[in-house]
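Worksheet for the structure shown next.
The values are calculated or read from the model by the stated rules, or taken from the named source; none is laboratory data. Remember, it's a predicted structure, so these values are computed and weren't measured experimentally. Here the Cβ positions follow ideal geometry from the backbone for every residue, glycine too, while neighbour counts run over all protein chains shown. Surface accessibility is based on the protein's heavy atoms, side chains included, excluding ligands, DNA and RNA. Shrake-Rupley method; radii C 1.70, N 1.55, O 1.52, S 1.80 Å.
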Amino acid sequence: MKKLINKVLVLLLALGMISGCTTTPKTESQPTPEITADETKTADVIIVGAGGAGLAAALSAVENGAESVIILEKTGTTGGALNYTSGSMSGANTIIQKEDGIEDTVDSYVADIMKNGAGKGDEELIRVYAEKDIEMIQWLWDNGLKDNTFSTDKEGRRSVFAPEHALYSVQRTYKARPDDPKTYKSAAHEVLDTQVKKYDQITIDFMTEATQLIANDKGQVVSVLATNNETHKTIKYEATKGIIMATGGYSGNNKLMGAFAENGSNYLAGGSKGSDGYGIYMMQQVGGYVNDETMAYIPTFPMGLEGPNQTGAIAPTYTWKTGGICVNQNGERFVDETEARVEVREVALEEQPGAVQYDIFTDKIIEDLNAAGAATMWNYFYAEEGLPGYSKVSKASSIEELADMIGVPAETLSKTVEDYNAAVDSKGTDSLGRKYDGEVNAYNLAVNKIEGETYYAVPLKALVVITLGGVTANKDMQVLDAEGNAIPGLYAAGEVVGGIWGQFASGGTGVMGPIVFGNIAGEKIMTNTLAEGYTVKPATNMLDINFFTKEEVKIEFDMNQPLNDGEYQSVVDGQYGEMKVQVTITDGKISDVKIVSNNETEEIASGALKMIPEKIVESNSVEVDVISGATLTTNRIRTAVVDCLNQAKK
């Protein structure tokens, strides 16, 4: 409740309906009235968010003299977006390239990133990144990365090309695997987390969600209000040097994406639904400038397998590599499926109704995909019963039947297939630019018609794992206002900073960008002089607070009803498969809740999987507070328990 009150207070301040806080417009710096909190904590540096940027910033701050750093993390684990990615890294002129005998330059890296971003990136910040990246790759290497297993090319080199992104001009992507895959999904997270744990100066307050930035009477943003989601206490965190916001992007906020991208409300979240962009709003409250154009820079993967609650996983069939096609909800092809430039296929799908495509293919196409050694994703997600995407595969004995099954116009789909097959026979190039001359490359491994005894379709949606809009920052990672002035004490790093990469993200920058800029923020917050006399006021183009209000999911059960003692089980849909929950009723009350099996992302869901059953038993009720960052897992458990309770009713 306190967290809700705090957010309402922030809204009222923005609307000018109440006054008395430095986040209201004023002509000169004024004292900030004391904000009520249950507890106050102080440190040299306060960091909001324990992802790659936050962890790197904490380490850097300590290396530059900080005696105390507190990281606020709203979930129960570190890592942020690194919990949802295999963690591909990139860099030019690195130790890894040198060991592989590959020559590269920072200039080439900068040029590639600018090109991949459609020329819309901030070249100055990209160059700062590319130069510092050499040092950070070396740091990761020296602190354990050198001992990790890497994916390699045919020559055994650890510097590789990454076909899931626009290709660099040089092999400069590094795909290291974590030593402890049960705990970490990416090697970079593993190294950072291991190092952070070595420093007594760094404290992480888990399950603690920041709600409001606070300026002092000198115009310095050096405090933040937060709520602990376990104790429900409001805590005021005060820093002597300043605040680093490392709260991530907004890929989990469909309302916010929908406001800036035509079909953004239909995109799947490939990361945490907790990536809601509220940190951007918090910084706007104290003047942080957001360029509306960059908020529309939301790159997608045209290969999202839909899960519950508009989440998804990167799960391409790649059947188009051996003759398959992609059609929209109208049954029409809309892009050269074999186009090497990923961003072309990304944008094409974003523009389709519902941002959804159907991969259409046959048995012969699957056979050729396996023969070419390109069926890894098909065999992992779709090939047989029990796999995550098997239930999404439609099978039919005719194109017309298939069209009915997937809900597209049969006449149109039949014509599309007929035209495609004719294009294959022509051995030429069709109107979309797809070639059928038999030349083999990474995106075109075989040519086939859509014909056979069985026809298949798999629906895939535009999926987001990173957003590129956010507040504006300078090369020291100081947050800027609309006039380009640095807001004293306020720094930001990672995905929450907008406008760096341009319209599209380059491979590996989603991992190394936050680490590099987090390192810079941690250094500069300790070495820069904290300015005074700034006038703090909200930005003029505030995001709508309604983008951040979440619809309450009502999951309830009247525990006054008589229940039969015994053990009851329920199965509900989980993130990547079923979740089975067992409830024990003793003397008419809930005496035990056990998660028998689950397919959640362990790094994110672990807190909910442990704590929600305990809370339900303790309160003898399903009406318990959700675990921040694990809302979906929380509600799956609660739903399963309600089903068990319904089974137990007398």
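Tabulated values for the structure
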| item | result |
| --- | --- |
| Extreme residue, modelled with the lowest pLDDT, among residues of the range 600-611 that are open to solvent by less than 50 Å² (accessible area, probe 1.4 Å) and of a type in the set (D, E, K, R) | Glu603 |
| Filter result for the condition that a residue is among the charged types (D, E, K, R) and touching a Ser or Thr at 6+ places or on another chain (Cβ under 8 Å), over Glu350, Glu401, Glu337 | Glu350 |
| Residue in the range 156-165 that is over 16 Å from Val48 (Cα atoms), crowded, with 18+ Cβ neighbours inside 10 Å and modelled with pLDDT under 95 present | yes |
| Any hit, the range 422-436, residues being touching a Lys or Arg at 6+ places or on another chain (Cβ under 9 Å), crowded, with 24+ Cβ neighbours inside 10 Å and not in a loop (DSSP other than H, G, I, E, B) | no |
| Of residues in the range 612-625 being touching a residue at least 40 places away in the same chain (Cβ under 8 Å) and on the phi < 0 side of the Ramachandran plot, the one most open to solvent (accessible area, probe 1.4 Å) | Glu623 |
| Complete set of residues in the range 346-384 that are touching a Cys at 6+ places or on another chain (Cβ under 9 Å) and open to solvent by 20 Å² or more (accessible area, probe 1.4 Å) | Tyr358 |
| Checklist (1) at pLDDT below 95; (2) part of a strand (DSSP E or B) applied to Asp44, failing item | (1) |
| Looking only at the range 290-307, and only at residues there that are open to solvent by 30 Å² or more (accessible area, probe 1.4 Å) and in a helix (DSSP H, G or I), the one that is farthest from Val224 (Cα to Cα) | Glu293 |
| Any hit, the range 363-374, residues being among the basic types (Lys, Arg) and at positive phi | no |
| Of residues in the range 122-134 being assigned to a helix (DSSP H, G or I) and in contact (Cβ under 8 Å) with a residue 40 or more places away in the chain, the one farthest from Ala57 (Cα to Cα) | Glu124 |
| Top-ranked residue in the range 507-539 [being assigned to a loop (DSSP other than H, G, I, E, B) and either in contact with a helix residue (DSSP H, G or I) (Cβ under 6 Å, 6 or more places away or on another chain) or among the charged types (D, E, K, R) (or both); ranked as most open to solvent (accessible area, probe 1.4 Å)] | Glu532 |
| Scan of the range 626-650 for residues that are out of contact with any helix residue (DSSP H, G or I) (no Cβ under 8 Å at 6 or more places or on another chain), polar (S, T, N, Q), open to solvent by less than 60 Å² (accessible area, probe 1.4 Å) and part of a helix (DSSP H, G or I), ordered by number | Thr631, Asn635 |
| Of residues in the range 93-103 being outside any loop (DSSP other than H, G, I, E, B) and open to solvent by less than 20 Å² (accessible area, probe 1.4 Å), the one farthest from Asn148 (Cα to Cα) | Gln97 |
| Residues within the range 573-599 that are open to solvent by less than 20 Å² (accessible area, probe 1.4 Å) and more than 20 Å from Ala648 (Cα to Cα), tallied | 1 |
| Residue satisfying condition, being farther than 21 Å from Lys74 by Cβ and of a type in the set (Lys, Arg), within set Lys594, Lys615, Lys610 | Lys594 |
| Counted residues, the range 551-584 - those being within 20 Å of Gln310 (Cα to Cα) and either touching a Cys at 6+ places or on another chain (Cβ under 8 Å) or free of Cβ contacts under 8 Å to residues at least 24 places away in the same chain (or both) | 4 |
| Matching residues in the range 616-639 - criterion: being within 28 Å of the chain's Cα centre (by Cα) and of a type in the set (A, V, I, L, M, F, W, C) | Val624, Val626, Ile627, Ala630, Leu632, Ile637 |
| Answer from Phe504, Phe548 - the residue that is farther than 30 Å from Val626 by Cα, touching a residue at least 12 places away in the same chain (Cβ under 8 Å) and open to solvent by less than 40 Å² (accessible area, probe 1.4 Å) | Phe504 |
| Any hit, the range 409-416, residues being over 30 Å from Gly307 (Cβ atoms) and crowded, with 17+ Cβ neighbours inside 10 Å | no |
| Residue in the range 113-121 that is in contact (Cβ under 8 Å) with a residue 60 or more places away in the chain, of a type in the set (D, E, K, R) and open to solvent by 30 Å² or more (accessible area, probe 1.4 Å) present | yes |
| Any chance Lys241 is over 20 Å from Ala492 (Cα atoms), of a type in the set (Lys, Arg) and in contact with a helix residue (DSSP H, G or I) (Cβ under 6 Å, 6 or more places away or on another chain) | no |
| Residue that is most open to solvent (accessible area, probe 1.4 Å), among those in the range 166-206 that are modelled with pLDDT under 95 and of a type in the set (Lys, Arg) | Lys182 |
| Top-ranked residue in the range 71-92 [being open to solvent by less than 20 Å² (accessible area, probe 1.4 Å) and outside any loop (DSSP other than H, G, I, E, B); ranked as farthest from Leu55 (Cα to Cα)] | Ser90 |
| Filtered residue count, the range 514-545, keeping only those that are under 30 Å from Ala630 (Cβ atoms) and out of contact with any Phe, Trp or Tyr (no Cβ under 6 Å at 6 or more places or on another chain) | 9 |
